[in-house]
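Peer 1: Dumping the structure here so I can ask a few things about it.
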Amino acid sequence: MIFSLCLLLILIGLYGVVVSRQTLKIVISLLIMNHGVHLLLLLIGYREAGNPPIVDPAITITEFASSSVDPLPQALVLTSIVIGLGVLALMVALCVRLYERYGTFDVTEIRRLRG
Amino acid sequence: MTIDVQALMPMFVAVPLGLSLLIQLVARHRHVLAEALTILTLLLLTVMSYYSIGYSGVYHLGGWPTPVGIDMRLDALATLLLLIVSVVGLAVSLYSVDYMRRFTARSHFYSLFLLMVTGMNGVILTGDLFNLYVFLEVAAIASYSLVAFGCDHEELEASFKYIVLGSLSSALILTAVALVYGITGTLNLAHIAARIAETGRDTPLLLAFGLLIVGFSFKAALVPFHAWLPDAHPAAPAPVSAMLSGVLIKAIGIYVLARLAFNVFGIAENELSLLRWLGLLSMVAGGILATGQKDIKRLFAYSSISQVGFMVLGLGLGTPLGLVGGLYHMVNHALFKSLLFLNAGTIEYTTGTRQLKKLGGLNSKLPVTAATSLIGSMSIAGIPPFSGFWSKLIIVLACIESGHYGFATAAVLVSIVTLAYQLKVQRMAFFAALPDALKGLQREPPMMALAMILLATGCIALAFAVLTGLRDPWLVGAAAQVLTAGTFGG
């Protein structure tokens, strides 16, 4: 159920990328899509009523592994968010520069390249 | 003196990464220093990749054992790719010295260029699926900004298109990485392969594999996913176009596709046939669209799509000979397409136009460009005895050998189309009458000439790779064996 909500988020993002005419809206749609993926990645490591992944000396390592949530996807998501921030900064910078050159955010008017 | 190749492996990533930051620190306003550092770095990388020929092994980053830490894997296929990246990168960095003079902020160009090399080397060497995604993004972000480097209307538009489609495909790839981790519980490529060999491939895994094929088809610009390439590659400065078309689409597209399909997931017949059809579609559509182009760089960009189709067709046959053909064509294409883009850059640099109609008679004014471009054109068109002829011959033979006569016919026909559009370029740019506007043309600057001669020599030298046998060309045969050997786990 919750996985299909992630999929929904990804599809909303995809829909936005395909139908938006404004460059900034495309950027936002990509952001939504990316966050859908991040959520999916987080959910894969999730365990209902699991412990935080901090080693407790009182319990054995196997017990710990079977009770805590998986910390690896959290680290992956953190990395991916940083990458996403870099791409986002570049995309917004491009949008600003495009606005300076073409005087519009409308992608149907930004089309010198074709064929 | 013996060099420990194992210790060299992380250097393939660390050296260009460190240098790209160092250039920003010490050479921000000293362009000559930035140029010298870049050329030296690429020279070092070329030597390092030459030393690692014949070596294969696994390096554990930070000394952590395999499931805990990140692995780097070096084998014949990775060495081949490293060699292409370094050699083309070296030629391109030599070429940039003269070409980039008319741009401002050149030190940023060299930093981004080295970052792109870092990303590609990382993708080639990594043995970890998420690490692969990270390096992929490093290479991709550097290339997005390099495409927009001129900051003019076309560059920005092309870069925006590229970044939107690039991020879309990266999101698909990340989804697939998440699924693979959820299903197999590991990110190490060898462990994933072992787990898949153990448990078989269930539906979620097939979904992940499908997402990876689509994601990397975007990166490799196979035909239904190619829309960004004909804009992005011509818009970039010529050295970057050469790097993008010559190396990037292969290192982060075809190489990863082949590696994941053959070594990790273990490709089945219906997936092979999907690759064949993708290849055929790219080959035909790219070739037909290339013939109609008036802009010389755009023509070469469409031609890249078409040639990528040849490689994927070769890989999609799945037979040892097909893999050899696909990889051999990949190496050849890296050299002749980057050469052709550098030629186009020289034409643009000296005449100020890329429109074929405004050009003509350049072989009297730009002798080095004309000669090297003839070598490049004949190679790509598959005229014997140039290198492109041998790789296309191997692909066609592999098609016939495995009973795909239709694909073989298509490959031959597309080669003829290739010859047609290359002859069009030769005739309109180099042989027709010299227009009055170009009478006072200067010769090409020496560093540009040097870079083009280097690549042209490489093109000719590659033709001799078949001397060791059609089924086992020098270096390529060993690389193909890595793929035919099956998955890491099996």
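Every number in this text was worked out from the coordinates using simple rules, so none of it is lab data. If you're wondering where the values come from, they're calculated on a predicted model, not measured in any experiment. Note that each Cβ is placed from the backbone with ideal geometry, even for glycine, and that neighbours are counted across all protein chains shown.
Peer 1: Give me a comma-separated list of calculated 3J(HN,Hα) values for the range A:76-92, in order, Karplus coefficients 6.51, -1.76, 1.60 applied at θ = phi - 60°, integers in Hz, x for any Gly or Pro.
Peer 2: With coefficients 6.51, -1.76 and 1.60, one gets 4, 5, 4, 4, 5, 5, 5, 4, x, 5, x, 5, 4, 4, 5, 5, 5 Hz.
Peer 1: Determine the principal axes of the Cα atoms in chain B, then give the extent along each, sorted from largest to smallest and rounded to whole angstroms.
Peer 2: 71, 57, 47
Peer 1: So, one more: Using 0.36 nm per residue, how much length does the chain from B:GLN24 to B:MET11 gain when fully extended, once their Cα-Cα distance is taken away?
Peer 2: Length gained between B:GLN24 and B:MET11: 2.7 nm.
Peer 1: Is there a pair in B:LYS358/B:LYS392; B:LYS161/B:LYS297; B:LYS250/B:LYS392; B:LYS161/B:LYS294; B:LYS250/B:LYS357; B:LYS161/B:LYS337 whose C-alpha atoms are over 26 Å apart, and which pairs would that be?
Peer 2: In this structure, B:LYS358/B:LYS392; B:LYS250/B:LYS357 lie more than 26 Å apart at Cα.
Peer 1: Under a plain spin-label model, where a point goes 7 Å from the Cα along Cα-to-Cβ, how far apart in nm are A:ARG47 and A:ALA65?
Peer 2: Taking the simple label geometry, A:ARG47 and A:ALA65 are separated by 1.1 nm.
Peer 1: I'd like the Karplus ³J(HN,Hα) series for the range A:50-56: coefficients 6.51, -1.76, 1.60, θ = phi - 60°, whole numbers in Hz, and an x wherever there's a Gly or Pro.
Peer 2: Couplings: x, 7, x, x, 10, 5, 9 Hz.
Peer 1: In addition: Measuring from the lowest to the highest alpha carbon on each principal axis, how far does the range B:129-247 reach, largest first, in angstroms?
Peer 2: 52, 24, 20
Peer 1: Next question. On the principal axes of its Cα set, how long, how wide and how thick is the range B:394-481? Give whole Å, largest value first.
Peer 2: Cα spread of the range B:394-481 along its principal axes, largest to smallest: 55, 30, 16 Å.
Peer 1: P(r) for the range B:284-410, please, calculated from all Cα pair distances in 10 Å bins and given in %.
Peer 2: Pair shares across the bins are 14, 40, 29, 13, 4.
Peer 1: Kindly give Rg over Rh for the range B:141-197, based on alpha-carbon atoms, with the Kirkwood expression for the hydrodynamic radius.
Peer 2: Reported Rg/Rh (Cα atoms, Kirkwood Rh): 1.27.
Peer 1: Fewest to most neighbouring Cβ within 10 Å: what's the order for B:GLU35, A:GLU63?
Peer 2: A:GLU63, B:GLU35
Peer 1: Stokes-Einstein diffusion coefficient for the range B:31-157 at 10 °C in a medium of 1.306 mPa s, Rh from the Kirkwood formula over Cα pairs: what value in µm²/s?
Peer 2: 100 µm²/s
Peer 1: Another question, if that's okay. For A:LEU78, project a label point 7 Å along Cα to C-beta. Then give me every residue of the range A:40-54 with its amide nitrogen under 15 Å of that point.
Peer 2: A:42, A:52-54
Peer 1: Once amide H atoms are built 1.01 Å from N in the peptide plane, which residues 5 or more positions from B:THR126, or in another chain, come under 5 Å H to H?
Peer 2: Placed amide hydrogens put B:ARG73 under 5 Å from B:THR126.
Peer 1: Excluding B:LEU327 itself, what net charge comes from residues whose Cβ is under 15 Å from its Cβ, given Lys and Arg +1 and Asp and Glu -1?
Peer 2: +2
Peer 1: Using Cα-only point scatterers and the Debye equation, what is log10 of I(q)/I(0) for the protein assembly as shown at each q in 0.07 Å⁻¹, rounded to two decimals?
Peer 2: The Debye formula, applied to the Cα set alone, gives -0.41.
Peer 1: Using modelled backbone amide H atoms (1.01 Å from N, in-plane), which distant-in-sequence or interchain residues come within less than 5 Å of A:SER68's amide H?
Peer 2: Under 5 Å from the amide H of A:SER68: A:ASN51.
Peer 1: Given the C-alpha centroids of the range A:64-91 and the range B:123-200, what is the distance between them in whole angstrom?
Peer 2: What the calculation gives is 15 Å, centre to centre.
Peer 1: Report, to two decimal places, the Cα Rg of chain A normalised by 2.2 N^0.38 Å (N = number of residues).
Peer 2: Expressed relative to 2.2 N^0.38 Å, the Cα Rg reads 1.50.
Peer 1: Residue by residue through the range B:45-56, what is 3J(HN,Hα) from phi via Karplus (6.51 cos²θ - 1.76 cosθ + 1.60, θ = phi - 60°)? Round to whole Hz and write x for glycine and proline.
Peer 2: Result, rounded to whole Hz: 5, 4, 4, 4, 6, 5, 5, 8, 4, x, 9, 9.
Peer 1: Starting from the Kirkwood radius over alpha-carbon pairs of the range A:48-115, derive D by Stokes-Einstein at 20 °C in a medium of 1.002 mPa s and give it in µm² s⁻¹.
Peer 2: Once the numbers are plugged in, D ends up at 132 µm²/s.
Peer 1: Taking 8 Å as the Cα distance limit and 6 or more residues as the minimum spacing, I'd like the relative contact order of chain B as a percentage.
Peer 2: Here the relative contact order equals 17 percent.
Peer 1: So what does log10 I(q)/I(0) come out to for the range B:337-381 at q = 0.14, 0.23 Å⁻¹, using the Debye formula with one equal point on every Cα and no solvent?
Peer 2: Result of the Debye calculation: -0.29, -0.79.
Peer 1: If you build the Cα gyration tensor of the range B:300-345 and take the root of 5 times each eigenvalue, what three semi-axes come out, in whole angstrom, biggest first?
Peer 2: The answer is 23, 10, 4 Å, longest axis first.
Peer 1: Continuing with the same structure: More than 13 Å apart: what percent of Cα pairs in the range B:87-135 qualify?
Peer 2: When all Cα pairs of the range B:87-135 are counted, 62 percent exceed 13 Å.
Peer 1: Which residues' amide hydrogens lie under 5 Å from the amide hydrogen of A:GLN22, considering only partners 5 or more residues apart or on another chain, with H built in the peptide plane?
Peer 2: Sorted by chain and number, the residues that satisfy this are A:VAL107.
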